[in-house]
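Read through the structure below, which is laid out as structure tokens, and then see the notes.
The values are calculated or read from the model by the stated rules, or taken from the named source; none is laboratory data. Everything numeric in this text was worked out from a predicted model, so none of it was measured. Note that we place each Cβ from the backbone using ideal geometry, even for glycine, and neighbour counts take in every protein chain shown.
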């Protein structure tokens, strides 16, 4: 009750101030205020416009609470972008990830692949979603052929209801996905799978099924899914920086391995919010947007599943990727929200309900909250910078003995060949040099609790480290813009060393090394 009273008082003060400041009839001044939140004549093809949360009817105090809470989860979230009425009201990036850097989006890619199917149907390159899977690959002879397999439709693939025995979920530890990777022909592998049940009955998550969508796009359009997307989807809405990895057979994987900038992820979300239209042009038909974002089958992560979109009964739908990559589209509130994350961040779905949607108080502008906006901007600035460093403790004597000494590592599956350190301190960092798969690297390692970033030709990496014991150095690694990171310990024992590494999925690797 007190919250409603406070909001009422804030609005009354706003109206009175408006009358005094404008010096014109109130309805004219308010009309200008409401128009500022309209976005029909503005498209972020080249750049996004920004606005205070209150200008778009959002209580910035709630967003301050949300950002403050995120401090409890360091090195998990990489960015959060909130857009309402086409305007960015919050755009936060968490060190060491930076604005305008591309981020892996994992299974958010699936929603993009689905959209390409819709565009291909719009162009008449695919008849409809009722076409049979095997009809796209007449040159193949699938194993385990049954009537059920012959009946698998494009719609069954889109809704993850193929009936194929994929064994490709978290509970299966992605066994099926790994087997597909190891096969010489991914398409043949998927078409050869046994049927677990008739198609269309139940939702069963399957990365390989989405890969088949990409293979179908390449078959029907005569070009890689990447090129088809650049021509017909990405470039028309202002997305120019895209990385999408193909498989060994030259077919884009479809289910993931795509990198986009957060603002470009938001452009894709805004396209769907506007029912497939962009700047007067139809990129994908409104019919496809409607059909692909409604629920068909009960699902797991959210309530239902559409055409490679997760659909929630609360009134929004999402492209969702491993580790906390999200593109939320909330039509009721004319809103798009994007999250990118580093380390299995499971909070986006909670933050949407408990903070972001709750922060919406009106479809019209609210009175500005200068105090909260200042706090919000200060938090955004704080998170973009490296955290507070601590004083580097005295290093153990062995640090000087092993400085500059190269340790050759026994043959291993990841191609880690040698490693050396230089602990002659400069700006609280050590230098680590290593060889991986025949390539030499030199990176900085923060010794004061702060990750130091190094730009490598292929990627940006960040390292920090500390001496656990007099003979054991621990260092942590982040592949910035990925959901990859490791924690390693190296124990020095005279001429020998032992390295223990824990990977991003908890897998442990132990290696021996010698000077």
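Tell me, please, whether a residue that is at pLDDT 95 or above, surrounded by fewer than 17 Cβ atoms within 10 Å (Cβ to Cβ), out of contact with any strand residue (DSSP E or B) (no Cβ under 8 Å at 6 or more places or on another chain) and more than 30 Å from residue 93 (Cα to Cα) can be found in region 415-422.
no
Please give the number of the condition residue 224 fails out of (1) more than 20 Å from residue 327 (Cβ to Cβ); (2) touching a helix residue (DSSP H, G or I) at 6+ places or on another chain (Cβ under 7 Å); (3) touching a residue at least 40 places away in the same chain (Cβ under 8 Å).
Tallying (1) more than 20 Å from residue 327 (Cβ to Cβ); (2) touching a helix residue (DSSP H, G or I) at 6+ places or on another chain (Cβ under 7 Å); (3) touching a residue at least 40 places away in the same chain (Cβ under 8 Å), residue 224 fails exactly one: (3).
Scan region 241-263 and give yes if some residue there is in contact (Cβ under 8 Å) with a residue 12 or more places away in the chain, part of a helix (DSSP H, G or I) and within 19 Å of the chain's Cα centre (by Cα), otherwise no.
yes
Residues are listed down the side, and each one gets a yes or a no for (1) under 26 Å from residue 342 (Cβ atoms); (2) at pLDDT 95 or above; (3) assigned to a helix (DSSP H, G or I); (4) not assigned by TED's automatic domain parsing to the domain that holds residue 478:
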{"residue": "62", "(1), (2), (3), (4)": "yes, yes, yes, yes"}
{"residue": "65", "(1), (2), (3), (4)": "yes, yes, yes, yes"}
{"residue": "69", "(1), (2), (3), (4)": "yes, no, yes, yes"}
{"residue": "72", "(1), (2), (3), (4)": "yes, no, no, yes"}
{"residue": "75", "(1), (2), (3), (4)": "yes, no, no, yes"}
{"residue": "79", "(1), (2), (3), (4)": "yes, yes, no, yes"}
{"residue": "82", "(1), (2), (3), (4)": "yes, yes, no, yes"}
{"residue": "95", "(1), (2), (3), (4)": "yes, yes, no, yes"}
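Out of curiosity, is residue 209 surrounded by 22 or more Cβ atoms within 10 Å (Cβ to Cβ), over 19 Å from residue 156 (Cα atoms) and in contact (Cβ under 8 Å) with a residue 40 or more places away in the chain?
No, not satisfied.
Given the criteria more than 22 Å from residue 411 (Cβ to Cβ), under 23 Å from the mean Cα position of the chain (by Cα) and loosely packed, with under 14 Cβ neighbours inside 10 Å, does residue 468 qualify?
So residue 468 fails the test.
Scan (1) closer than 23 Å to residue 246 by Cβ; (2) under 27 Å from the mean Cα position of the chain (by Cα) for the single condition residue 171 breaks and write down its number.
(1)
For region 237-255, enumerate the residues that are crowded, with 22+ Cβ neighbours inside 10 Å, closer than 16 Å to residue 216 by Cα and touching a strand residue (DSSP E or B) at 6+ places or on another chain (Cβ under 8 Å).
Across region 237-255, the qualifying residues are 252, 253.
Scan 374, 340, 370 and give me the residue that is within 28 Å of residue 487 (Cα to Cα) and modelled with pLDDT of 95 or more.
That would be 340, the only listed residue that is within 28 Å of residue 487 (Cα to Cα) and modelled with pLDDT of 95 or more.
Do you know which residues across region 479-490 are modelled with pLDDT of 90 or more and surrounded by 16 or more Cβ atoms within 10 Å (Cβ to Cβ)?
479, 480, 481, 482, 488, 489, 490
What helices (runs of 4 or more DSSP H) completely inside region 278-394 contain at least 2 residues that are under 22 Å from the mean Cα position of the chain (by Cα) and in the same structural domain as residue 111 (by TED's automatic domain parsing)?
Because the criterion is at least 2 residues that are under 22 Å from the mean Cα position of the chain (by Cα) and in the same structural domain as residue 111 (by TED's automatic domain parsing), the helices (runs of 4 or more DSSP H) in region 278-394 that meet it are 286-292.
Please verify whether region 173-181 includes one or more residues that are assigned by TED's automatic domain parsing to the domain that holds residue 140, touching a residue at least 24 places away in the same chain (Cβ under 8 Å) and not in a helix (DSSP H, G or I).
The answer is yes, given that some residue of region 173-181 is assigned by TED's automatic domain parsing to the domain that holds residue 140, touching a residue at least 24 places away in the same chain (Cβ under 8 Å) and not in a helix (DSSP H, G or I).
Go over the candidates 301, 351 one by one and state the one that is in contact with a helix residue (DSSP H, G or I) (Cβ under 7 Å, 6 or more places away or on another chain) and at pLDDT below 95.
Of 301, 351, the one residue that is in contact with a helix residue (DSSP H, G or I) (Cβ under 7 Å, 6 or more places away or on another chain) and at pLDDT below 95 is 351.
Listed here are the residues, each with its yes/no results for (1) modelled with pLDDT of 95 or more; (2) within 24 Å of residue 292 (Cα to Cα).
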residue	(1), (2)
113	yes, yes
119	yes, yes
144	yes, no
147	yes, no
158	yes, yes
161	yes, yes
174	no, no
178	no, no
183	yes, no
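Taking region 220-236 as the region of interest, how many residues are surrounded by 19 or more Cβ atoms within 10 Å (Cβ to Cβ) and within 22 Å of residue 481 (Cβ to Cβ)?
Going through region 220-236 one residue at a time, the tally reaches 5.
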